[in-house]
Amino acid sequence: MAQMRLDKLLSSTGRWSRREVRQLVREGRVLVDGRPAAATDEKYDPEHTMLQVDGERLSFAEHCYVMLHKPAGVLSATEDRRAATVLDLLPLELRKRELFPVGRLDKDTEGLLLLTDDGPLAHRLLSPRRHVDKVYYARLDGVLTEEDCTAFAAGLVLEDGYSCLPARLERLADDGVQSEVLITLHEGKFHQVKRMTASRGAPVLYLKRLSMGPLRLDPALECGKWRYLTKEEEDALLSLQ
Ligand code: URA
């Protein structure tokens, strides 16, 4: 990695703004190779320098992986002139890393969204050949039956003639009018869950993605919040063939 100013390096982690970095340095909380940093404009190569904040050693990996609990009302896009995008939910420092969402959730869909700057990983996760599974929780206006589960497993044919790959429909609960289901897909076509359940007479009222391949939405992550992937989560994703 090239040499970078200390404030730029530290703020690139997304944990502190440049102003906060200045404060940390003033308070002597930033160590460079074990010595308190003197100035924020000094340049270092993070591959050959040990940087610590409050005793914690920082790592400057090549790529950044963020789990977002997407709320309804924001677009899975990197920019839009009219509506808020998922990037608007990240701090400025992280937005500067040019992250993008891996796949799309509809504006009204909530749940797991991975954001990264790792193009090859995104490509692997989205490749139609790999059939990475995605699990959705849905609340439906209508009640699906065992017959519908069988039809999902066989591969639904949608109104426009598209033949879906076999999918898993699990019925969780119903009150005779509305129901809750889990749906596992191995592909990701436009409005797919909504079109699939609607084709069986039960339109989606609420939709949330729970997982994508080995990555599960952290139940402790509040709607609208983000966090970095853990090392274990990163390894599980990166080991996908
Ligand atoms: N299927 C849908 O219909 N919408 C989503 O956002 C994701 C899957």
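The values are calculated or read from the model by the stated rules, or taken from the named source; none is laboratory data. What you are looking at is a predicted structure, and each value in this text was computed from that prediction instead of being measured. Cβ coordinates were reconstructed from backbone atoms using ideal geometry, including for glycine residues, and neighbour counts include every protein chain displayed. Each accessible area value is taken on the protein alone, full model and side chains, heavy atoms only, with ligands, DNA and RNA left out. Shrake-Rupley method; radii C 1.70, N 1.55, O 1.52, S 1.80 Å.
Give the residues of region 216-236 that are touching a helix residue (DSSP H, G or I) at 6+ places or on another chain (Cβ under 8 Å) and modelled with pLDDT under 95, sorted by residue number.
Listed by number, the list holds a single entry, Leu229.
Suppose we keep only residues that are open to solvent by 20 Å² or more (accessible area, probe 1.4 Å) and touching a strand residue (DSSP E or B) at 6+ places or on another chain (Cβ under 7 Å) within region 1-31. Which one would you say is farthest from Tyr65 (Cα to Cα)?
Per the criteria, the residue is Gly28.
Give Ser163, Ser179 a once-over and let me know the one that is away from the ligand (no atom under 16 Å from the Cβ) and open to solvent by less than 20 Å² (accessible area, probe 1.4 Å). Working first, answer last.
On the way: Ser163 fails: open to solvent by less than 20 Å² (accessible area, probe 1.4 Å).
Of the residues listed, the single one that is away from the ligand (no atom under 16 Å from the Cβ) and open to solvent by less than 20 Å² (accessible area, probe 1.4 Å) is Ser179.
Residue under question is Thr116, and the condition is that it be more than 16 Å from the ligand (Cβ to nearest atom) and more than 27 Å from Gly73 (Cβ to Cβ); does it hold? Break it down into steps so the answer makes sense when it comes.
Numbers: more than 16 Å from the ligand (Cβ to nearest atom): yes; more than 27 Å from Gly73 (Cβ to Cβ): no.
Spelling it out, it is not the case that Thr116 is more than 16 Å from the ligand (Cβ to nearest atom) and more than 27 Å from Gly73 (Cβ to Cβ).
Within region 126-149, restricting attention to residues that are at pLDDT below 95 and more than 14 Å from the ligand (Cβ to nearest atom), which residue is farthest from Pro71 (Cα to Cα)?
Going through the qualifying residues, I end up with Arg129.
Any idea which of Gly28, Gly14 is at positive phi and under 27 Å from the mean Cα position of the chain (by Cα)? Full working, then the answer.
Numbers: Gly28 fails: under 27 Å from the mean Cα position of the chain (by Cα).
Criteria check complete, one pass: Gly14.
Based on what the data block shows, is Leu169 within 12 Å of the ligand (Cβ to nearest atom), modelled with pLDDT of 95 or more and either β-branched (Val, Ile, Thr) or under 24 Å from the mean Cα position of the chain (by Cα) (or both)?
The answer is no for Leu169.
When region 184-215 is examined, which residues are found to be open to solvent by less than 50 Å² (accessible area, probe 1.4 Å), within 19 Å of Gly73 (Cα to Cα) and either within 8 Å of the ligand (Cβ to nearest atom) or small (Gly, Ala, Ser) (or both)?
Gln192, Val193, Lys194, Val204, Leu207, Arg209
Quick one: is Asp88 closer than 24 Å to Ala220 by Cβ, open to solvent by 40 Å² or more (accessible area, probe 1.4 Å) and not in a loop (DSSP other than H, G, I, E, B)?
Numbers: closer than 24 Å to Ala220 by Cβ: yes; open to solvent by 40 Å² or more (accessible area, probe 1.4 Å): yes; not in a loop (DSSP other than H, G, I, E, B): yes.
In short, yes.
Out of the residues in region 73-83 meeting the condition of being at pLDDT 95 or above and surrounded by 12 or more Cβ atoms within 10 Å (Cβ to Cβ), tell me which one is nearest to the ligand (Cβ to nearest atom). Steps first, please.
Taking region 73-83 as the starting set, the residues that turn out to be at pLDDT 95 or above are 73-76.
Imposing the further condition that a residue be surrounded by 12 or more Cβ atoms within 10 Å (Cβ to Cβ) reduces the set to 74-76.
Details: Val74: 12, Leu75: 11, Ser76: 8 Å.
Within region 73-83, the match that is nearest to the ligand (Cβ to nearest atom) is Ser76.
So the check is Cβ under 7 Å with 6+ separation or different chains; which pairs have a first residue in region 182-195 that's closer than 15 Å to Ser127 by Cα and among the small types (Gly, Ala, Ser) and a second one that's more than 7 Å from the ligand (Cβ to nearest atom) and part of a loop (DSSP other than H, G, I, E, B)?
Listed pairs, sorted by first residue: Gly188/Gly103.
Tally the residues that are in contact (Cβ under 8 Å) with a residue 40 or more places away in the chain and either part of a loop (DSSP other than H, G, I, E, B) or of a type in the set (Ser, Thr, Tyr) (or both), restricting the search to region 63-85.
First, the residues of region 63-85 that are in contact (Cβ under 8 Å) with a residue 40 or more places away in the chain: 63-71.
From what is left, the residues that are either part of a loop (DSSP other than H, G, I, E, B) or of a type in the set (Ser, Thr, Tyr) (or both) are 63-65, 71.
Of the residues in region 63-85, 4 are in contact (Cβ under 8 Å) with a residue 40 or more places away in the chain and either part of a loop (DSSP other than H, G, I, E, B) or of a type in the set (Ser, Thr, Tyr) (or both).
Does any residue in region 43-59 that is open to solvent by 100 Å² or more (accessible area, probe 1.4 Å) come within less than 6 Å, Cβ to Cβ, of a residue that is part of a strand (DSSP E or B) and not aromatic (Phe, Trp, Tyr) six or more places away or on a different chain, and which pairs are these?
Qualifying pairs under 6 Å: Lys43/Arg5.
Determine whether region 96-112 contains at least one residue that is surrounded by fewer than 21 Cβ atoms within 10 Å (Cβ to Cβ), part of a loop (DSSP other than H, G, I, E, B), modelled with pLDDT under 90 and not acidic (Asp, Glu).
Yes, some residue in region 96-112 is surrounded by fewer than 21 Cβ atoms within 10 Å (Cβ to Cβ), part of a loop (DSSP other than H, G, I, E, B), modelled with pLDDT under 90 and not acidic (Asp, Glu).
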